[in-house]
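A quick write-up on the structure given underneath.
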Amino acid sequence: MNTPMVITAAMVGAETTREQTPYLPISAEEIAEDAAKCREAGAAMVHLHVRTPDGKPSQDTELFRAAIRAIRKRTDVLIQVSTGGAVGMDVDERCGGLRLTGEDRPDMATLTTGTVNFGDEVFWNPRPLVRDIARRIKALGLRPEFECFDVGMVDEARALAKEGVAELPGHFDFVLGVPGALTAREDALDFMIKSLPEGSTWTVAGVGRHQLPFVELAAVRGGNARVGLEDNIYVSKGVLAKGNWELVAEAAKRAKEKGRTLATPQEARKLLRLT
Ligand code: KMH
Ligand code: ZN
């Protein structure tokens, strides 16, 4: 198990609120400060959503630009922008982070490959919309992280590759434990891994109380892990994490205990075949 583990910090998300945790970063400065601490704690990448100053989920290009610039001023952590945004956003709004070029261009972007129940709502990803976003990611010269909330979404990446709108092997994120989607169970993770296209890499993001235990499952399987306030606000039962950095620090500790080293951003770039 000598491959370094890539820890991604999903720092902001679209659903977590300040009412749930006062430690959620919202402004560019808050995000950048926490991102730098995440990097110090062992994260190689951040998964980024942005918010308006009053905390509402947004995919505004200028808010992304400000956050990316603030992060890059402080740290070399890789930046993956969300194209999922919040439930109910249309495709142009969701792709706000893909309008950033030149030195503001992100390092990676997410691509959810199918529609899924998301709690009591629906995260709407019909096939033409998925292809639209895939083409925009490709046009920017980026590689997607395939966000898979269920196993059929792994197969859909094969269809995208056949059509020439994405490349395989690729990098996949298994999001396990969203109510209405695939459960956070060890055998579900193993089935996802078995379903991967040859040579692909993977990350697992356990939702809620599954987040940190799934870091350990990923560690012993040679995979990668995502933690952060987007998916979970507690560092232990009933104890709020005092920032994303605290969840990264706990993930790093658990990964090391399982014998893994942690990838630097440079190593992560190579492992995930980023441009
Ligand atoms: N907020 C979720 C509805 C992504 O970032 O690409 C979708 C999401 C996925 O968070
Ligand atoms: Zn997200």
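Computed from the coordinates by the stated procedures, all read-outs in this text should not be read as laboratory data. Since we're looking at a predicted model, the values are computed, not measured. Ideal geometry is used to build each Cβ from the backbone, glycine not excepted, and the neighbour counts take in all protein chains shown.
In table form, for the structure just shown:
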{"read-out": "Qualifying position, being of a type outside the set (Ser, Thr, Tyr), more than 15 Å from ligand 2 (Cβ to nearest atom) and more than 15 Å from Ala249 (Cβ to Cβ), among Ala36, Ala44, Ala14, Ala28", "value": "Ala28"}
{"read-out": "Within the stretch 47-56, considering residues that are without any contact (Cβ under 8 Å) to a residue 60 or more places away in the chain and buried (at least 20 other Cβ atoms within 10 Å of the Cβ), the one farthest from Ala70 (Cα to Cα)", "value": "Arg51"}
{"read-out": "Unmet requirement for Ala219, which otherwise passes all of (1) farther than 26 Å from Gln59 by Cα; (2) free of Cβ contacts under 8 Å to residues at least 60 places away in the same chain; (3) surrounded by 15 or more Cβ atoms within 10 Å (Cβ to Cβ); (4) more than 16 Å from the chain's Cα centre (by Cα)", "value": "(2)"}
{"read-out": "Ala32 vs. criteria under 16 Å from the mean Cα position of the chain (by Cα) and farther than 30 Å from Pro126 by Cα", "value": "no"}
{"read-out": "Within the stretch 39-75, considering residues that are part of a helix (DSSP H, G or I), under 14 Å from Gly85 (Cβ atoms) and not aliphatic (A, V, I, L, M), the one nearest to ligand 1 (Cβ to nearest atom)", "value": "Phe64"}
{"read-out": "Those residues of the stretch 76-106 which are of a type in the set (Val, Ile, Thr) and not in a helix (DSSP H, G or I), in sequence order", "value": "Val77, Ile79, Val81, Thr83, Val87, Thr101"}
{"read-out": "Given (1) in a strand (DSSP E or B); (2) more than 16 Å from ligand 1 (Cβ to nearest atom); (3) surrounded by 24 or more Cβ atoms within 10 Å (Cβ to Cβ), index of the condition Val204 fails", "value": "(2)"}
{"read-out": "Tally of residues being without any contact (Cβ under 8 Å) to a residue 60 or more places away in the chain, assigned to a loop (DSSP other than H, G, I, E, B) and of a type in the set (Gly, Ala, Ser) across the stretch 5-34", "value": "1"}
{"read-out": "Qualifying positions in the stretch 107-128 - away from ligand 2 (no atom under 14 Å from the Cβ), hydrophobic (A, V, I, L, M, F, W, C) and either in a loop (DSSP other than H, G, I, E, B) or in contact with a helix residue (DSSP H, G or I) (Cβ under 6 Å, 6 or more places away or on another chain) (or both)", "value": "Trp124"}
{"read-out": "Verdict on Val248 being touching a Lys or Arg at 6+ places or on another chain (Cβ under 9 Å), surrounded by fewer than 19 Cβ atoms within 10 Å (Cβ to Cβ) and either over 26 Å from Ala157 (Cα atoms) or not basic (Lys, Arg) (or both)", "value": "no"}
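Here's the yes/no breakdown for (1) touching a residue at least 60 places away in the same chain (Cβ under 8 Å); (2) under 18 Å from the mean Cα position of the chain (by Cα):
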residue	(1), (2)
Ile71	no, yes
Val77	yes, yes
Gly88	no, no
Val91	no, no
Arg99	no, no
Asp104	no, no
Ala109	no, yes
Thr113	no, yes
Pro126	no, no
